[in-house]
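Quick notes on the structure that follows.
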Amino acid sequence: MNKAIFFDIQRNSFVDGPGIRTTVFFKGCNLKCAWCHNPESQSAKPQMMFYKDKCTGCGKCKSVCPYHLEQCELCGKCTLYCPVDARMVCGKEHTVDEVLKEVLKDKAFYETSGGGVTFSGGECMLQIGFLAEILKKCKENGIHTAVDTAGHIPFESFEKILPYTDLFLYDIKIFDRQKHKQYVGVSNELILENLKKLFERKAKLWIRIPIIPDVNDSIEEIQKIKDFLKTIGTAEKIELLPYHVMGENKYRAIGKEPQIFKTPDAENMKRLKEILD
């Protein structure tokens with residue numbers, strides 16, 4: 001039975017494609033974006049998250065833990081007894097049928113709003129066998145499908161899901177190759193080449209650009225992305241996604257220190273949007 005690990009399934013989403021959507025978040029990513037707002041998605045394995053700022057020091061978690069918090073086997077007992085939800089196990093295994101059952105709960109809302117399901121991550125395409133199967137079942141049930149990807153995947157994986165994917169939400173994080181490697185961990189060569197191939201296959205695309213101050217928020221950087229897109233195809237939509245600080249506390253919850261970035265200036269966001277318009 002095909003299974004995969006997920007860290008969240010969000011219903012009633014309005015930000016991951018058209019209409020009302022259910023967004024299914026796969027766990028595991030092959031990129032390491034310095035500004036990642038879901039750092040708990042990077043590891044493909046379940047993990048404990050501990051929000052120290054919520055903890056009151058009551059000691060209930062330690063008293064019920066078989067190892068008194070000296071080690072963790074992710075049994076989840078501490079999460080059940082914590083009165084302030086300071087602890088949670090992030091990552092749960094589901095079958096295709098279990099995910100489909102959750103997606104189908106809001107089918108009526110998809111139909112009235114032009115919505116559907118979006119598979120995201122992490123990088124959902126790292127678990128391509130599961131993704132292809134669930135996409136096919138969603139299409140068989142008349143559900144609009146979207147795949148949110150960073151594109152650093154062999155194109156053979158895209159070919160497996162193209163027949164069942166109505167829309168790709170495709171990230172272009174940084175155009176400069178060296179800067180991309182510095183902040184994301186890999187070159188963007190494969191990402192841009194895959195995007196070009198998707199346009200050639202007449203795939204429907206929304207381009208998403210996260211705006212990170214002092215990284216890619218210059219007029220020159222956005223102009224380069226625009227010029228590149230003009231040479232390969234026309235996206236249905238281009239979204240600028242301003243950096244937010246929500247991921248910083250999540251980094252601390254998984255025992256890591258976040259890299260601190262500023263939030264974008266509203267006037268500059270307006271200027272960048274005007275370039276693309």
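Quick notes
- DSSP beta bridges in the chain [antiparallel fraction, %, rounded to 5]: 35 percent
- Here the label points at residue 141 and residue 267, each 7 Å from Cα along the C-beta direction, are separated by 5.0 nm in the simple model.
- Principal-axis tilt of helix 128-140 within the chain, Cα atoms, nearest 10 degrees: 70 degrees
- Dimensionless Rg/Rh of region 1-131 - Kirkwood Rh, Rg from C-alpha atoms: 1.03
- Compared with the dominant Cα axis of the chain, that is its longest principal axis, helix 266-276 is turned about 40°.
- Placing +1 on the Cβ of every Lys and Arg and -1 on the Cβ of every Asp and Glu, with nothing else charged, gives region 131-214 a dipole about its Cα centre of roughly 120 debye.
- Nearest-20 debye value, region 127-277 charge dipole, Cβ charges on Lys, Arg, Asp, Glu: 260 debye
- Net charge of Cβ neighbours under 11 Å - reference residue 174; Lys, Arg +1; Asp, Glu -1: +1
- Our compactness index for the chain, the C-alpha radius of gyration over the empirical 2.2 N^0.38 Å, is 1.06.
- With at most 15 other Cβ atoms within 10 Å, longest stretch of the chain clear of loop GluC sites (Glu not before Pro) (DSSP): 74-235
- Simple rule: put +1 on each Lys or Arg Cβ and -1 on each Asp or Glu Cβ in region 132-262, find the dipole, and look at 213, 191, 143; the Cα lying farthest toward the positive end is 143.
- Candidate lysines for bridging to residue 92, where Cα separation is under 18 Å - those fewer than 8 sequence places away on the same chain excluded: 3, 27, 45, 77, 101, 250
- Dipole-positive endmost among 59, 223, 134 within the chain (Cβ charges, Cα centre): 59
- Applying D = kT/(6 pi eta Rh) to region 1-59, where Rh is the Kirkwood radius over alpha-carbon pairs, T corresponds to 4 °C and eta to 1.567 mPa s, the Stokes-Einstein value obtained is 92 µm²/s.
- Legend: calculated FRET efficiency, residue 187 to residue 111, from the Cβ-Cβ distance at R0 = 45 Å, rounded to 0.05, equals 0.60.
- Using the Stokes-Einstein relation with a Kirkwood hydrodynamic radius computed over Cα pairs, the translational diffusion coefficient of region 183-277 at 20 °C and a viscosity of 1.002 mPa s comes to 142 µm²/s.
- Rg to Rh quotient for region 33-104, alpha carbon positions, Kirkwood Rh: 1.05
- Each Lys and Arg Cβ is given +1 and each Asp and Glu Cβ -1; about its Cα centre, the chain then shows a dipole of about 420 debye.
- Per residue, the chain exposes 51 Å² of solvent-accessible protein surface, assessed with a 1.4 angstrom probe and all protein chains in place.
- Accessible-area ranking of 48, 125, largest first, probe 1.4 Å: 48, 125
- Between region 91-140 and region 239-263, the C-alpha centres lie 27 angstrom from each other.
The values are calculated or read from the model by the stated rules, or taken from the named source; none is laboratory data. The shown structure was predicted, so the numbers you read here are calculated from the model rather than taken from an experiment. All Cβ positions, glycine included, derive from the backbone under ideal geometry; neighbour counts span all protein chains shown. Heads up: the accessible areas ignore ligands, DNA and RNA and are worked out on the full protein's heavy atoms, side chains in. Shrake-Rupley method; radii C 1.70, N 1.55, O 1.52, S 1.80 Å.
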